[in-house]
1. When the Cα centres of segment 236-281 and segment 53-107 are compared, how far apart do they sit, in Å?
2. Can you tell which of 19, 29, 73 lies farthest toward the positive end of the dipole of segment 14-147, using +1 and -1 charges on the Cβ of basic and acidic side chains (Lys, Arg; Asp, Glu)?
3. With just the Cα atoms defining each centre, how far is segment 1-51 from segment 184-208? Give it in Å.
4. With label points built 7 Å along Cα→Cβ from the Cα atoms of residue 33 and residue 172, find their separation and express it in nm.
5. When a footprinting reagent is the concern and you count Cβ atoms within 10 Å, what order do 284, 161, 222, 293 take, fewest first?
6. Given a Förster distance of 30 angstrom, what is the FRET efficiency for residue 222 paired with residue 160, based on the Cβ-Cβ distance and rounded to 0.05?
7. Write out the GluC sites (Glu not before Pro) in segment 122-175 meeting two conditions: DSSP loop, and at most 16 other Cβ atoms within 10 Å of their Cβ.
8. Among the GluC sites (Glu not before Pro) in segment 31-71, which ones are in a DSSP loop with at most 13 other Cβ atoms within 10 Å of the Cβ? Mind listing them?
Amino acid sequence: MSDYNEYYKTVKRHILTSTLGSNAQKRHHIHRDIMIDSITKQFRTLVEAHPSEAVNFRKVFQSELFGLSLKQAIGKDIESIYVEELGTVLSRDEIFKILVIDPMEGAIEVDWRDFFPYLKWIPNRSFEKRLQQMYSRREAVMKALIKEHMKRIAFGEEINCYLDYLVSEANTLTEQQMLMLIWEAIIESSDTTAVVTEWAMYELSRNPEKQNRLYQEIQNICGFDKITEDKLCKLPYLSAVFHETLRKHSPVPIVPLRYAHEDAQLGGYHIPAGSEIAINIYGCNMDKKIWDCPEEWNPERFLDGKNDSMDLHKTMAFGGGKRVCAGALQAMSQEIDEGGKEVLMRLLVDQTDLLSLIFQSTSQSSQICTTAFIDLHADDLEIASLVNKVKDSTHFSAF
Ligand code: HEM
């Protein structure tokens with residue numbers, strides 16, 4: 001049911017081969033190592049300079065993850081750039097706002113007409129103007145970044161990044177398609193991981209005994225050495241902290257809309273062609289029928305053989321099926337064990353769709369999907385929009 005055609009298949013293959021698949025992630029290892037070193041140094045400096053002051057984690061995480069996303073996407077972190085179409089030089093913070101913050105805010109803006117499709121003819125000018133401004137600023141900045149990068153290629157600088165790959169391997173893409181693909185890689189890796197990390201730190205600080213358990217595990221495995229990616233598979237409690245944080249605080253609480261191209265029956269519900277369906281992952285992950293005391297942040301629920309590798313993905317935090325998150329490997333890094341990797345790779349290449357996936361086989365998953373639809377129907381004004389609206393889906397859009 002999700003949009004999935006030859007174009008989509010090809011671009012997913014491009015991003016996995018060049019940037020986010022297992023081999024590509026090994027090639028980009030160096031960028032992550034540099035990022036981790038830099039984060040550690042910054043925290044140390046902050047603590048040493050102001051021992052009694054709170055440390056602003058968000059600022060450091062956001063800035064470093066943005067740098068990582070730029071290196072992977074266009075081969076270089078940047079301090080500023082001249083944007084011809086805006087006639088001005090933008091600082092790194094301004095670029096971050098235009099490429100990441102504004103579109104995120106735009107994504108949660110609600111056009112009230114979606115809930116009353118028969119009133120679609122009424123103009124909503126302020127909404128449209130805001131989105132239009134956001135689009136054109138984003139486009140101007142992306143064009144400037146790509147132009148700058150092309151200059152570096154012309155000077156013979158050897159760079160290994162997503163844009164290089166697209167320029168050499170995907171020369172049938174239009175400028176607009178290229179721009180959207182590069183921008184998506186930037187926004188998706190800049191925000192999600194920072195949000196999860198921030199919530200994990202918040203929960204650990206509220207639960208000192210869990211913080212202590214994690215600290216002990218790290219001490220036992222790494223001693224006073226750095227935690228490196230190859231050691232992550234030996235840190236099950238850290239993995240449980242990560243998955244429990246995804247469950248309770250998923251950075252993508254509602255999976256991107258699925259579009260019904262034809263009439264369908266799902267879980268006893270009739271879905272008319274032309275509908276858009278939103279799945280409320282947050283609602284599923286807070287369902288008392290599926291999770292014990294879901295409001296509690298309790299990493300232990302993922303430990304002691306209570307769940308197998310597949311269950312780690314029961315949270316559906318990375319979506320599923322053909323449109324499953326392409327960056328899940330990077331987000332989890334090498335943290336998952338081989339079993340988990342296999343599950344993830346299956347999800348990444350699976351030909352099924354998230355909706356069919358959650359409606360399939362096990363009683364657990366049918367419970368999950370029923371919840372999704374109950375939410376969908378009971379609360380459709382607030383959470384899920386099942387709207388008879390044909391959305392412009394000419395470009396590949398993840399969020
Ligand atoms: C904890 C971190 C992350 C979470 C929870 C997350 C979650 C998601 C979700 C729920 C989707 C939609 C899946 C669906 O529709 O079924 C998605 C799509 C996507 N994500 Fe992530 N993501 C994370 C990190 C990343 C990172 C680091 C990248 C790297 C660039 C990334 C790249 C993508 C891409 C390219 C898609 C679009 C896939 C498609 O439409 O086929 N994500 N993500």
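Nothing in this text is a laboratory measurement; each read-out follows from the coordinates by a stated rule. This is a predicted model, so every value here is computed, not measured. With ideal geometry, Cβ positions are generated from the backbone for all residues, glycine too; neighbour counts draw on all protein chains shown.
1. Cα centroid of segment 236-281 versus Cα centroid of segment 53-107: 29 Å apart.
2. 19
3. Using only Cα atoms to place each centre, the spacing works out to 14 Å.
4. Simple spin-label model gives 3.8 nm for this pair.
5. Numbers: 284 26, 161 22, 222 14, 293 9.
In increasing order of surrounding Cβ atoms, one gets 293, 222, 161, 284.
6. Numbers: r = 30 Å, r/R0 = 0.98.
Computed FRET efficiency for residue 222 and residue 160 comes out at 0.50.
7. Details: sites: 128, 139, 148, 157, 158, 169, 175; in loops: 157, 158.
Sites meeting the loop and neighbour criteria: 157, 158.
8. Answer by residue number: 53.
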